[in-house]
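Values in this text are rule-based calculations from the coordinates and carry no lab data. Everything numeric here is computed off the predicted structure, so don't read it as measured data. With ideal geometry, Cβ positions are generated from the backbone for all residues, glycine too; neighbour counts draw on all protein chains shown.
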């Protein structure tokens, strides 16, 4: 009987140790997110709201507002995720059609510009 118990015991012990070690290896360490820098710049005649210059975790999505000064209109973005310059009515907050919102996904260092033109 001893001849059967000892090998069975060691086999069972080996299986348990192997399973417990495998489970530990499967647990992954917390993912360390990359950090990216956002630089917001505005041409003559406007500003950004909020002032969101800084360092952000990878994957952060921001919606920022380009606000023209009096006598200026929003013209276009460069470096945002909606550079086409056409804000669309659903992105403009009422009541002013001069405001425009930029969408920025932090997946790299970003340098985003808002340009304005003097009203004629």
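A few remarks follow.
- For 34, 117, order by how many other beta-carbon atoms lie within 10 Å, fewest first: 34, 117
- Sites residue 34 and residue 63, calculated FRET efficiency, Cβ-Cβ separation with R0 30 Å, nearest 0.05: 0.90
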